[in-house]
Amino acid sequence: MDISQDLNAGSIVFSNKFDFNTITTIPLVLSSGDGGFESSQIQGTAGFLANGWQLVNDSTSQWFVGLTGSTGASGFGAYISSDGGKNATYGKTSSVSWFYRDVEIPPYPKKIDITFDLAVGGDSYYDKLRVFNLPTSYDILPGKFIAGHLEEFSNKDWNNYKLSSSLNFSTATQSRRIAFAWNNNNGQQLGDSCRIDNISINVDCAYQNLNAPPIFDKPGQEFVLSFPEQKFVKKLVNFHYDTLGLNTERYLIPYYRISRDGDTWTQWLNVTIYFEYFTNIDSLDPFYLEIKWVRKGPSDVGIIRITEYKIEGELERQTVEDGGTTTIPKNESIVI
Ligand SMILES: [Ca+2]
């Protein structure tokens, strides 16, 4: 919370503005480690699990780890082989082989980026690599090729690719299944099979390094702002919120309550629509204050988040006779 004071005017303002534009990129898989098959340099099919990947190979054209799959700039990479790992070839029997991993997405995600180096043969109609961002509930099976891919590739020399896709905006962590699937049919081979290396997976998240804004997921959900014993705060000046998700009816209502001893409280009182001074605090005695926002409206979908609030107080002042009359504040600082 930011606090600013105007000693001449005798006013004090408490405000909090949440920054939704600051994005932090969080790496989930590094190209120098698991994503490059370099965390554990193990050749063959065991090289996948050794680097955190699950392997679902079909019976003919299968994924292997080894020198053959590398760009040449690093040790190992992944590749499709139909001769037990000797060469980057694919067979004339229809095959679909996968490798994948589940990644945990931090809260407040904006998007996920999957980058990798790829060289791939094949004809674009029958023989290809597809890359997926799937729910973890999706059951990956050998021999089963599916649509819903981010992109598909065939007949390309070594190149670097970056695939970006959106994620559900959520206050909780969620998981996704990032998958690579090779498919070939029983027709003609064209060139080498597929080689892939230096996979990195990053998620762009909002406000990972900032105080999280109050989020309201469900009807009736509350956010309470508590002030310690004090006698300055006088009114909620304004607040702002936005809604995420489907545009159905939901909104926030602010309330406040007061206690003289921190134990016995008034009822929750409505903040008037004109944001007038809180009532019940006209004596000069210190008091405890709580302001709360409650999600209202019939809709149980979507999210409301407070983007900003501003609370105003008055500093206690005294008058000093000094030739003329000067008013100065008694309290020059306050910590909330
Ligand atoms: Ca590598």
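What follows draws every value from the coordinates through simple rules; no lab data is involved. No experiment lies behind these values; they were computed from the predicted model shown. All Cβ positions, even for glycine, are placed from backbone atoms using ideal geometry, and neighbour counts span all protein chains on display.
Key figures for this structure:
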| quantity | calculated |
| --- | --- |
| Per-residue Cβ neighbour rank within 10 angstrom, fewest leading, 130, 177 | 177, 130 |
| Net charge, residue 100 excluded, C-beta distance under 12 Å - Lys, Arg +1, Asp, Glu -1 | +2 |
| Ranking of 38, 276 by count of other Cβ atoms within 10 Å, fewest first | 276, 38 |
| Neighbour-count ranking [beta-carbon atoms within 10 angstrom, fewest first] of 265, 98 | 265, 98 |
